[in-house]
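The values are calculated or read from the model by the stated rules, or taken from the named source; none is laboratory data. Since the model is a prediction, treat every value here as computed from it, not as a measurement. Note that each Cβ is placed from the backbone with ideal geometry, even for glycine, and that neighbours are counted across all protein chains shown. The protein model used for the area step is the full one, side chains on, heavy atoms only, and it has no ligands, DNA or RNA in it. Shrake-Rupley method; radii C 1.70, N 1.55, O 1.52, S 1.80 Å.
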Amino acid sequence: MKIMFIVFNLSGGGAERVLSILSNALLDFGCDISIILQRRENQEYFINSKIKIFSLETLGLDCKKGSKVSRTYKRIKILRGIIDKQKPDYIFPFLGNMIRDSYLASLGTKIKVIAALRVNPENMPMFDRFCLNFVFNHCDAVFLQTISQRCFLSDRAVRKSFVVPNPVSLDIIAAGIEKKYSSLFTKIITCGRLNEQKNHELLIEAVVLVHQIHPEITLDIYGDGHFEEFLKSLIKKRKADRYIFLKGRTNNIKDVLLHADMFVLSSNYEGMPNALMEAMAVGLPCISTDCLTGPKELIGNNKRGMLVEVNNLSQMKRAICRLIEETDLSINYGKKARSYILENYTPAIIARKLLNNIENI
């Protein structure tokens, strides 16, 4: 089976990390895998050397030249050239404009296009949302992360959708074997892009309030993004720079997770949050906002962690305090979370589920 993934790059984001894990796992099942990127980056997720990688920029796409329309035309033309040469059985485009352009590039071929929904479309610009919905309605299948994402689709798209959750990488899962629980749950971490979606402001404000009760706590925020200066200013304004730290991106997430006491996700919306899944895989007690898709499927109804309302400061504060003060509860959450990930989200389990769904299209 020849499978082609198409995405902007292989660096930084959750969708890109999922694509890398899936690609490597499908290779172990004997699939012929190729990946088309808009551009290469310096810090990319690991891809097995047996997987063919194509860069649109290397093949002549200049993202700074010409109008948006001319760049789109050039991108579709280069995509079509690669598709015609590689002749995959299935194309999996990930994210926004790459889904639209991949669909257009495949028109007239017998290749099946499976569009992967990774984010909440309601937060996209109207034209991009229209294009995405058009592709969902006309492609061969729609690949979802969670059942609840079906609420974003038309009835026509729902009928050809299938759900396969994100995998967690084996190195993160293996790291959980080394997890030791402290008698004091004081080191809080979060990971994610510094942007409006992740709502780090809520977490910072909650930790400032918790610090008044538990002055021993710290918060490390891992990630980069255009909200960095705003968050720096907020931390300084709250006089919290002695215990809240912006740590930037990390290439060693395993050690970061192993040396933390709890993980908190404060997002306004998610697809299926990889950072939360990785924290659970290591065995960290976790708190998450109960956004429309993702966290509830992972945590359950407070079975494997704690859920709080989106943008609810008082609930977030109380949840953090509870995990600090009730050590047995925190350890129990951490162990249940890790067991759940091991039983459901290893790369082999997810790759097999994906193949089963592909075969039924």
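Quick notes
- Test result for Lys239, open to solvent by 50 Å² or more (accessible area, probe 1.4 Å), touching a residue at least 12 places away in the same chain (Cβ under 8 Å) and either at negative phi or not hydroxyl-bearing (Ser, Thr, Tyr) (or both): no
- Tallying residues that are out of contact with any Ser or Thr (no Cβ under 7 Å at 6 or more places or on another chain), in a strand (DSSP E or B) and farther than 25 Å from Thr293 by Cβ within the stretch 167-225 yields 2.
- Looking only at residues in the stretch 113-153 that are in a loop (DSSP other than H, G, I, E, B) and among the polar types (S, T, N, Q), the one that is surrounded by the most Cβ atoms within 10 Å (Cβ to Cβ) is Gln145.
Yes/no matrix, rows are residues, columns are (1) at pLDDT 95 or above; (2) more than 18 Å from the chain's Cα centre (by Cα); (3) farther than 30 Å from Ile111 by Cα:
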residue: Leu307; (1), (2), (3): yes, yes, yes
residue: Arg318; (1), (2), (3): yes, yes, yes
residue: Glu325; (1), (2), (3): yes, yes, yes
residue: Lys335; (1), (2), (3): yes, yes, yes
residue: Ile341; (1), (2), (3): yes, no, yes
residue: Pro347; (1), (2), (3): yes, no, no
residue: Ala351; (1), (2), (3): yes, no, no
residue: Glu359; (1), (2), (3): no, yes, no
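- Considering the stretch 1-17, the residues that are surrounded by fewer than 20 Cβ atoms within 10 Å (Cβ to Cβ) and out of contact with any Leu (no Cβ under 9 Å at 6 or more places or on another chain) include one that is nearest to Val164 (Cα to Cα), namely Lys2.
- Scanning the stretch 304-342 for residues being of a type outside the set (A, V, I, L, M), in a helix (DSSP H, G or I), surrounded by fewer than 24 Cβ atoms within 10 Å (Cβ to Cβ) and touching a helix residue (DSSP H, G or I) at 6+ places or on another chain (Cβ under 8 Å) gives a total of 6.
- Only one entry in Ser34, Ser20 is open to solvent by less than 10 Å² (accessible area, probe 1.4 Å), among the polar types (S, T, N, Q), under 22 Å from the mean Cα position of the chain (by Cα) and under 22 Å from Gly81 (Cα atoms), namely Ser34.
- Residues in the stretch 42-87 that are open to solvent by 50 Å² or more (accessible area, probe 1.4 Å), touching a residue at least 24 places away in the same chain (Cβ under 8 Å) and polar (S, T, N, Q): Asn42, Gln43.
- Candidate set: the stretch 262-303, residues that are closer than 21 Å to Phe143 by Cβ and either basic (Lys, Arg) or free of Cβ contacts under 8 Å to residues at least 24 places away in the same chain (or both); chosen: the one surrounded by the most Cβ atoms within 10 Å (Cβ to Cβ): Leu276
- Pairs meeting the criteria (first residue in the stretch 332-361 and free of Cβ contacts under 8 Å to residues at least 40 places away in the same chain, second residue crowded, with 18+ Cβ neighbours inside 10 Å, beta carbons under 8 Å, at least 6 apart or on different chains) are Lys336/Arg304.
- Flag for Val282 being of a type in the set (Val, Ile, Thr) and more than 17 Å from Gly334 (Cα to Cα): no
- Scanning the stretch 343-354 for residues that are of a type in the set (A, V, I, L, M), more than 18 Å from Arg304 (Cβ to Cβ) and open to solvent by 10 Å² or more (accessible area, probe 1.4 Å) turns up just one, Ala348.
- Residue, modelled with the lowest pLDDT, within the stretch 88-112, restricted to residues that are crowded, with 18+ Cβ neighbours inside 10 Å and on the phi > 0 side of the Ramachandran plot: Gly96
- For the stretch 242-254, a residue qualifies if it is over 21 Å from Pro347 (Cβ atoms) and open to solvent by 20 Å² or more (accessible area, probe 1.4 Å), and the qualifying residues are Arg242, Phe245, Leu246, Lys247, Gly248, Arg249, Thr250.
- First in the stretch 197-217 and without any contact (Cβ under 8 Å) to a residue 40 or more places away in the chain and farther than 25 Å from Pro273 by Cα, second anywhere and crowded, with 21+ Cβ neighbours inside 10 Å and among the hydrophobic types (A, V, I, L, M, F, W, C), Cβ under 7 Å, 6 or more apart: His211/Ile217
- Just one residue in the set Ser102, Ser70 is touching a helix residue (DSSP H, G or I) at 6+ places or on another chain (Cβ under 7 Å), small (Gly, Ala, Ser) and in a helix (DSSP H, G or I); that residue is Ser102.
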